[in-house]
């Protein structure tokens, strides 16, 4: 992967190529407000709030791990030419490096300003090399996965509705109504989690990827991560042994891993303990349900079902 400095030095070239390729910015289009987003959770929020009259474009190619996003010239063009950009500072270095190239007409909505981000818990994962340290440094010491708390999603949706109303005053009432409808759905989801996790034998869950701090914070659970924020970082044998002992001490009966096969030792722990291996989705990518139409709400409810069973809730 190119270094941050290498990416930065390429930005003026990419921006020039992008503008030449498009001939005009998205803001100059005649097909309504153009909204650019940088990851699936933000895309879901934008599509719900913006509605059908607004074009929402993600600069993240389908299936791309959002932490590793690199922008193509088309992606640069989308970001710097949109009427509104919904992004999360500190989450994707390529976006942070590019967003300053956007024109004054582009309204940038930084989810970090309304999501009340949590600080990364400092403990030694003892990873081989410096990968995890670099990952946490790039995230600015905060956990970016705010979307695993429904009420934080609602706050970001409200902020986006305000920005869209500024960009398109005629559509202000629609954006407000859409954000309110999304908040209602999220409050319903919150209630389902509250009820489903209210009476559980266990309140500590062990997961391969430490992406669930917001979920734990919102619903009075304790997360133990084998790997840290970076889902691709390999934990050391010492870290695996530490989590193994904690799982034994807590009487954990389920180890959670994420979709896509990056287990970070979760399968090894489950085998060693003789417990169940289940899946929790950090929802960094669009959910891949059996019918192909699953969205954020479906993925969150699947997570609730997995936790309800894995934590032995009544």
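Read-outs throughout are calculated quantities, based only on the coordinates presented, and are distinct from any laboratory measurement. For clarity, every value in this text was computed on a predicted model and none was experimentally measured. Every residue, glycine as well, gets a Cβ built from its backbone with ideal geometry; the counts of neighbours run over all protein chains shown.
Where a ≥ b ≥ c are the square roots of the eigenvalues of the C-alpha gyration tensor, would you call region 214-269 rounded, which needs a/c under 1.5, or, failing that, prolate if a/b is larger than b/c, or oblate? Oblate.
For residue 272 and residue 170, the FRET efficiency from 1/(1 + (r/R0)^6), where r spans their Cβ atoms and R0 equals 51 Å, is about 0.25. Taking label points 7 Å from Cα along the Cα-to-Cβ direction, residue 220 and residue 295 give a separation of 3.1 nm. The alpha-carbon positions of region 61-104 define a convex hull whose volume is 77 Å³ per residue. The Cα atoms of region 193-310 give a gyration tensor whose axes a ≥ b ≥ c have a/c of 1.5 or more with a/b no greater than b/c, which makes the shape oblate. Here each label is just a point 7 Å from Cα along the line to Cβ, and for residue 312 and residue 180 those points are 4.6 nm apart. Sorted ascending by nearby beta carbons within 10 Å, beginning with the fewest, 108, 49, 33 become 108, 33, 49.
Each of 210, 162, 284 has some number of other Cβ atoms within 10 Å of its Cβ, and from fewest to most they run 162, 284, 210.
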